[in-house]
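FYI, it's all coordinate maths here, none of it is from the lab. Quantities reported herein were computed from a predicted structural model and do not represent experimental measurements. Backbone-built Cβ (ideal geometry, glycine too); neighbour counts: all protein chains shown.
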Amino acid sequence: MKAEYVNSFYKATQDVFNLMLDLDVERGNIKVVEGLVSSRNANVVLGVTGDLKGSILFSFTKDMTLEMVRIMSGLEMKTIDNFVSSALGEVANIIGGNALTNLTCYNYICDLVPPQVIIGEYKSLSMANKKALLIPLRTDIGEFDINIFIAENE
Amino acid sequence: MMWKERYRIGVDLIDNQHKELFNRLSNFIQIVQNDTHWEDKMDDVKKTLDFMKEYVVYHFNDEERYQEEISYPELEEHREVHANFREAINEYVRTFEEGQFNEKKIKEFAAKLMTWLIVHVCKMDQKIGEYAREKGGKV
């Protein structure tokens with residue numbers, strides 16, 4: 001897995017969190033994992049097609065998700081309903097869009113498949129024995145992860 | 001409060017309209033999100049939706065006119081983004097008019113409107129303010 005992929009998604013996440021939520025994002029140590037797995041409550045999967053192919057998984061806790069939507073809307077949110085999950089999906093989608101723009105600097109031209117929001121644990125293990133990368137991220141309102149599982153399209 | 005001072009671009013006409021837009025959107029989200037039974041708030045939702053639809057178009061027109069007045073170099077790009085957004089709103093409205101006016105879809109619409117407006121105002125619209133300031137505030 002190339003550093004360009006990680007940097008593109010990390011930078012896009014920092015930019016979008018800063019822009020939309022006025023929050024800084026710090027990166028922890030990257031781990032190699034067996035596939036897209038999340039034990040957190042609110043997950044968004046983005047498909048990537050084109051020069052690169054695969055999936056990106058964003059995993060948030062319920063509390064962090066509700067707080068993100070509170071910051072944007074100015075309103076207290078009690079549960080992850082369709083308003084909250086749609087907003088979360090859009091934030092991930094915007095990050096994905098920015099990441100793909102960043103990837104064009106490395107000559108990768110890709111498209112995004114619309115986000116799929118999954119409430120509850122998520123598990124999609126690699127069948128081809130390929131590894132995914134997990135980027136742990138920290139903000140003032142909580143921690144979240146991005147799993148990157150993409151490779152050059154052959 | 002949905003409106004935040006950091007959304008300000010420094011052009012009163014546009015800032016005031018943005019404030020109004022965010023206030024109305026906040027009102028819309030509150031109606032959509034309150035615990036009242038869906039059927040009982042349907043009229044309120046429809047009324048706010050109609051207003052939002054009209055106000056977004058009105059605001060886009062004013063914003064584009066302002067960009068013309070100051071000879072903003074990225075007007076065409078901005079116009080295109082507005083046009084795409086107008087089309088996205090119209091598509092939702094068409095879906096609602098075709099009878100798929102359900103709670104799930106309305107919540108999705110409100111969330112998209114919110115995220116899109118925040119990104120647009122924080123990113124593209126800020127550039128209008130920067131340009132106007134570079135020109136010494138003269139239009």
Hey, could you check the stretch B:49-65 for residues that are over 10 Å from B:R24 (Cβ atoms) and of a type in the set (F, W, Y) and say which is surrounded by the most Cβ atoms within 10 Å (Cβ to Cβ)?
B:F60
When you scan the stretch B:81-100, how many residues do you find that are more than 14 Å from chain A (Cβ to nearest Cβ), more than 22 Å from B:E63 (Cα to Cα) and surrounded by 14 or more Cβ atoms within 10 Å (Cβ to Cβ)?
3
Looking at A:F9, is it under 25 Å from A:E152 (Cα atoms) and out of contact with any Phe, Trp or Tyr (no Cβ under 7 Å at 6 or more places or on another chain)?
yes
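Out of the residues in the stretch A:70-96 that are among the hydroxyl-bearing types (S, T, Y) and more than 7 Å from chain B (Cβ to nearest Cβ), state the one that is surrounded by the fewest Cβ atoms within 10 Å (Cβ to Cβ).
Filtering the stretch A:70-96 down to residues among the hydroxyl-bearing types (S, T, Y) leaves A:73, A:79, A:85-86.
Of the ones still in play, those that are also more than 7 Å from chain B (Cβ to nearest Cβ) are A:79, A:85.
On the way: A:T79: 10, A:S85: 22.
Selected residue: A:T79.
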Unmet criterion (only one of (1) under 24 Å from A:E76 (Cβ atoms); (2) more than 12 Å from chain A (Cβ to nearest Cβ); (3) of a type in the set (S, T, N, Q)) for B:N27
(2)
Quick one: how many residues across the stretch A:3-29 are surrounded by fewer than 18 Cβ atoms within 10 Å (Cβ to Cβ), more than 14 Å from chain B (Cβ to nearest Cβ), closer than 29 Å to B:K123 by Cβ and in contact (Cβ under 8 Å) with a residue 40 or more places away in the chain?
8
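Is it the case, given these coordinates, that A:G50 is away from chain B (no Cβ under 14 Å) and crowded, with 20+ Cβ neighbours inside 10 Å?
On the way: away from chain B (no Cβ under 14 Å): yes; crowded, with 20+ Cβ neighbours inside 10 Å: no.
Here the answer is no, as A:G50 does not meet what is asked.
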